[in-house]
Structures are given as C-alpha cells and as structure tokens.
Amino acid sequence: MSELTEEQLEALVLDRDLEKLEALLSEFNLFDALGIARREVLHSAFLAWLLSPQETHGLGDYFLRRFLMETTAKARALGISALSSIDVDAWNLSNVEIATERHRIDILVVGAADGFVCPIENKIGANEHSDQLARYRNIVETEYPNLTPFPIFLTPDGREPQDDNDREKWVSLSYETINQLMDRVLQMRGSSISPAVSDFLSQYKRTLGRHVLATRDNIDELAYQVYVKHKTAIEHIISVRSVDLNKLWALVQDTVTEVAPDLYQDYHDRHHYRVYSGSLDEITNLKRSQGWTTSGRIVLFEFKEEQGLRLFLYIGPTAQEDNDIRQLVATCLQDSGVSGVKRDKPLAAKWHSGYSRVVLNEQDLHAFDPEKARLKIEQALKDFYANDYFPIVNAIRAEFGLEPVTSP
C-alpha cells in the first residue's frame, strides 16, 4: 500500500463528492429504512399500487393513463401493437384490474372493457431466465384471447430482451420513464394529492435515483467515484482499525478447520476470508468464474467485516453465457429452506450474496477479546455447519445430479 500523505488526506476531506455522499447516506428515506430499495418484488408492488385507479393515492387513473400512453406509443412505433396513445386517451379505465404475480407475471394490467392487456416483467437486477418472456406472452394470449396485448419489459437501463423473438414482441422500457412520470405526477397533480402521498412519491423517486438509475445521486456509483479518486487515503483509513484483522482471520481459519471439515481455504485478503465447499468442488460447471479468484470457483463462502463479522455465500461473476449457472445456484438457495437465505433478492450482475448470518456483532469487534471472539465464532460455525451448510450444498448437488452428502 502506498504511503498516505497529508495532501491526499486533505483532498479526501475537501472532496465535494464525499460531502454529497455523506448527505445522501444521512438523508432519511423510508424505502432505505425498510431495506427494500433493491427488492424487485416490492418495486412491483409499489408500481401496481400507483397504476391502480382504485387505490388510495388520490391520482385516480392519471398515472395509469400516462403510463399506457407512453408504452402504447412505443409499442406502435416498434410494430408490436396497433394501439396508440390516442386510443388510450379515449379509454374509460375505470374497471381496469391490476394484479401482481398472477400467472407468475410481475404486474398484469387487464382492461377488459377497453380491449387491452398489459403484462409487465420487472427486472431490477437479474436477467430474464429460460424462456420466461415467451411463456408469459403465450399465457396472456391464451387467457385473454379477445384483448390486444402489449407486453412491457421494464429494467433500470431499458435493455432489450436477450432472445430475438422476445425483442419483437416485448416493449423495452427504462425506469427512467417511470422517473419522468413521477416528475410529471408531482408537477401536475402534486397540489391535489395529500402531503403524505406526495412525500411518499418523492421518496420513491429519490430511491430510484439513489439505487436504480445511473445518476449522480446513485449511492453506489458516487461511492465508487470517491474511492477511485482517493483510493490510497480510503484504504489507509480502513486499515487503521481497533480490531487486529490478522488475529481475527487466524481465529476464523483455526475454527473452520476444527468444526467444518468440508470447508477449505480459497483466496483471501486483508478484508475477506474465503473458503470453498469440498462437496461442490467436483462440479466442473461451478469453476467458471471470471474476474474474481484465481481458482475460478463461482460459489464461495466469505467471512467479511460488515456490521460485525458475517458469513456470506457469494455467487461470483462469470461470462455472460454462463449466467444461467449463476441463476441456477441462486434458485437452489431459494429452494433449500435455509433461514439465512435472502428471499426475493434479484440476482446481482457480479457478486450475489445469497445467504448470510452473523458470526460476531459490532460490539464484539469494537471491544475485541480474542478468547471471547474464538468462543462466539466456534458456536456460530457449529450452528451453521450443523443446520445450514448441508441443506444448501445438497440443494445445489441435486441440480447437478449428485447424491446428497453428510458431514465427513
């Protein structure tokens, strides 16, 4: 690590981007407080609420009508549907039905009286998998044969579906369009809705800017820019901790060896200690990771100092053509029945943390006592190994046609 100079530390302290990042992190936001800023299913629930004319937002069909005008115009331009924004303007929309997770479709807008049906597939983090878009389109055409469909593929960046046939039948829509519609709602109808609803909509709009859209208010993007500019200063600050990380990792290594004989050391550094599963190592398809560790393993368990010491299962990055393997592992985790698995979390583009559990809390690190820490690490790992590890491993092994395993 390069030696830190006073000028480098001063540049960090005076950086306006750092000041902006601190302001964003300290700003109260209900969606952040509830931990739902990146949860796809809850974004779908919010949009369904906003689209429904019968809901309590006080907008009536205003947002729904503007949304349909935008999407039908785009569908018509792409040749996906003959409907136009002029048609939408004439629709009654009073009896429109809005459903979530019907036929496993994220949001379904059914306007039987006006002759249309609009399935919305919402993707915040993960890509579509298998042939789901084609299946959803076929379901809609079968279930609503007398209604004109215009399917919407909603993503943060408005990317097109992967399959050529899907691109011809699904309208790609960016969350930036949702952001602009929110602007329009607040400008045109802000004075006619309650202050509570107006503030709720404003907070959601800020959530899009902070976590979903590639804006200057995106917390992850801004934090990365600050880190790139001040890498030496930030890494020096991180290295100056009350806990001796070398002692901590030594405790972790000794305890893993003692209580979890099916776990073996993979690459690790000062801030992460990674181990791999011996029972998964025979699966060659799980050794295609790119841009992570030299072992190429996709699935690793990682101990990380995060609000204490936590144990994660990470699904690492791969080439685009191997993303189905990552999705398969994520699905296995969901089906394993283990309580530490993160439910309804979309697959992250690179490093997906599908499982986590607390090993040491923050106080344990702030007042670090090696002997007390060793006992708590040992108890946490024994519980993990006895109750969580093998259900996770065997769920993945089953998908690759392998027999279940038990503790050696």
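Apart from one condition, V88 fits all of (1) within 27 Å of R210 (Cβ to Cβ); (2) of a type in the set (V, I, T); (3) in a helix (DSSP H, G or I); the exception is (1). Look at segment 172-183: where a residue is over 20 Å from S198 (Cβ atoms) and a partner is among the charged types (D, E, K, R) and open to solvent by 10 Å² or more (accessible area, probe 1.4 Å), sitting 6+ places away or on another chain with Cβ atoms under 7 Å, you get S172/R159; S172/E160; S174/D157; T177/E70.
Checking the stated criteria, R343 turns out to be part of a loop (DSSP other than H, G, I, E, B) and either on the phi > 0 side of the Ramachandran plot or among the charged types (D, E, K, R) (or both). If I ask for residues that are open to solvent by less than 30 Å² (accessible area, probe 1.4 Å) and modelled with pLDDT of 90 or more, which ones from segment 183-195 would you list? Residues satisfying the conditions are V185, I193. If you go through segment 331-387 and keep only what is closer than 18 Å to A260 by Cβ, hydrophobic (A, V, I, L, M, F, W, C) and surrounded by fewer than 17 Cβ atoms within 10 Å (Cβ to Cβ), you end up with V358, L375, A386. Restricting attention to segment 44-78, the residues that are under 20 Å from S172 (Cβ atoms), open to solvent by 20 Å² or more (accessible area, probe 1.4 Å) and free of Cβ contacts under 8 Å to residues at least 60 places away in the same chain total 4. When segment 255-281 is filtered for residues that are in a loop (DSSP other than H, G, I, E, B), more than 27 Å from the chain's Cα centre (by Cα) and among the hydroxyl-bearing types (S, T, Y), only S279 remains. Of all residues in segment 285-316, those satisfying the criterion of being of a type in the set (S, T, Y) and either within 21 Å of the chain's Cα centre (by Cα) or buried (at least 24 other Cβ atoms within 10 Å of the Cβ) (or both) are S289, Y314.
Filtered by the rule that a residue be on the phi > 0 side of the Ramachandran plot and part of a strand (DSSP E or B), segment 91-117 gives a lone residue, E101.
Residues that are surrounded by 13 or more Cβ atoms within 10 Å (Cβ to Cβ), of a type in the set (S, T, N, Q) and at pLDDT below 90 within segment 129-178 comprise Q132, Q162, listed in sequence order.
For A319, state whether it is loosely packed, with under 15 Cβ neighbours inside 10 Å and under 23 Å from the mean Cα position of the chain (by Cα). Write out each step before concluding.
Values: loosely packed, with under 15 Cβ neighbours inside 10 Å: yes; under 23 Å from the mean Cα position of the chain (by Cα): yes.
Taking the combined requirement at face value, the residue satisfies it.
The values are calculated or read from the model by the stated rules, or taken from the named source; none is laboratory data. Since the structure is predicted, the reported quantities are computational estimates derived from the model, not experimental observations. All Cβ positions, even for glycine, are placed from backbone atoms using ideal geometry, and neighbour counts span all protein chains on display. Side chains included, ligands, DNA and RNA excluded: accessible areas come from the protein's heavy atoms. Shrake-Rupley method; radii C 1.70, N 1.55, O 1.52, S 1.80 Å.
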